[in-house]
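A single structure is presented below for examination.
Bear in mind these aren't lab numbers, they're just calculated from the coordinates by the rules spelled out. From a predicted model like this one, the values you see are computed outputs, not experimental measurements. Every residue, glycine as well, gets a Cβ built from its backbone with ideal geometry; the counts of neighbours run over all protein chains shown.
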Amino acid sequence: MFTSSDGTELSLREIAARLVITKGARKGQRPSPATVMRMLREHDERTATTEPVAALEAAESA
């Protein structure tokens, strides 16, 4: 379960049902739950690598 911005919990299938692919061969279709999981994992990996750098830069400038 994932918590949305309004505090309600959503399942992976509910998240996938709300999304629409905007580019490529599957434009206008819904992503599979597996695709949503991959997207969330990739997002977490990107933010995990950039957040410490931003925190370090903020500490150095203070």
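Largest first and to the nearest Å, give the Cα extent of the chain along each principal axis.
Principal extents (largest minus smallest coordinate, Cα): 46, 30, 17 Å.
Take the chain, mark every one of the trypsin sites (Lys or Arg not before Pro) that falls in a DSSP loop and has at most 13 other Cβ within 10 Å, then report the longest stretch left between them, sites excluded.
Values: sites that count: 23, 26, 27.
With a cap of 13 other Cβ atoms within 10 Å, the longest stretch comes to 28-62.
Moving to a separate point now. Report the label-to-label distance for residue 10 and residue 29 in nanometres (one decimal), using points 7 Å from each Cα along the Cα→Cβ vector.
For the pair residue 10/residue 29, the computed spacing is 2.1 nm.
Shifting gears a bit: What ³J(HN,Hα) values, in whole Hz, does the Karplus curve 6.51 cos²θ - 1.76 cosθ + 1.60 give for the range 7-15 when θ = phi - 60°, with x put for Gly and Pro?
x, 7, 8, 10, 7, 4, 5, 5, 5
Want the number for residue 20 to residue 57: 0.36 nm per residue separation, take away the alpha-carbon distance, what's left?
Length gained, residue 20 through residue 57: 9.7 nm.
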